[in-house]
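Please read the structure below before turning to the comments.
The values are calculated or read from the model by the stated rules, or taken from the named source; none is laboratory data. Since we're looking at a predicted model, the values are computed, not measured. Cβ placement follows ideal geometry from the backbone for every residue including glycine, while neighbour counts extend to all protein chains displayed.
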Amino acid sequence: MVHISPSPFADREVRPAILTAIVLLAQAVIAKNVLDVELDIVSQFAPLYVFIAYQVSQLRTRGAELAFDAAIVLTAVGVLTLYAAT
C-alpha cells in the first residue's frame with residue numbers, strides 16, 4: 001500500500017508564509033523597478049509584521065487565515081500606494 005503524504009500547503013501556517021514571501025518579493029520589485037523608490041525598513045517589511053502578528057495570535061481557523069492573508073496583501077498595496085503618491 002502506498003502512503004501519500006498530505007500536501008505541505010494544507011498546513012495553516014505554510015500558506016500565509018508563502019503568501020508573505022511572494023508579497024515581499026513583489027513589493028520589492030514594484031518599488032525598485034516601477035516606482036523607482038527605495039523603501040525604508042518599516043515600510044519594506046510591513047507585510048512581514050502582519051505575518052508575525054498572525055503567528056503570535058495563534059488563531060488557526062480558516063477565517064483568521066483569510067483575514068490575515070488579506071491584511072498582508074492590503075498592507076503591501078497600501079505601502080506602495082503611499083510611495084506612489086509621493
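Annotations for the structure displayed:
- Being in a helix (DSSP H, G or I), in contact (Cβ under 8 Å) with a residue 24 or more places away in the chain and under 23 Å from ASP11 (Cβ atoms) is a property that does not hold for ALA31.
- Just one of the listed residues (PRO16, PRO47) is modelled with pLDDT under 95 and surrounded by 13 or more Cβ atoms within 10 Å (Cβ to Cβ), and it is PRO16.
- Output for the stretch 50-66, where each listed residue is surrounded by 13 or more Cβ atoms within 10 Å (Cβ to Cβ), among the hydrophobic types (A, V, I, L, M, F, W, C) and closer than 19 Å to ILE22 by Cα: VAL50, PHE51, ALA53
- The set of residues in the stretch 34-64 that are among the basic types (Lys, Arg) and part of a helix (DSSP H, G or I) contains only ARG62.
- Boolean, ALA26 is without any contact (Cβ under 8 Å) to a residue 12 or more places away in the chain and either assigned to a helix (DSSP H, G or I) or farther than 19 Å from THR86 by Cβ (or both): no
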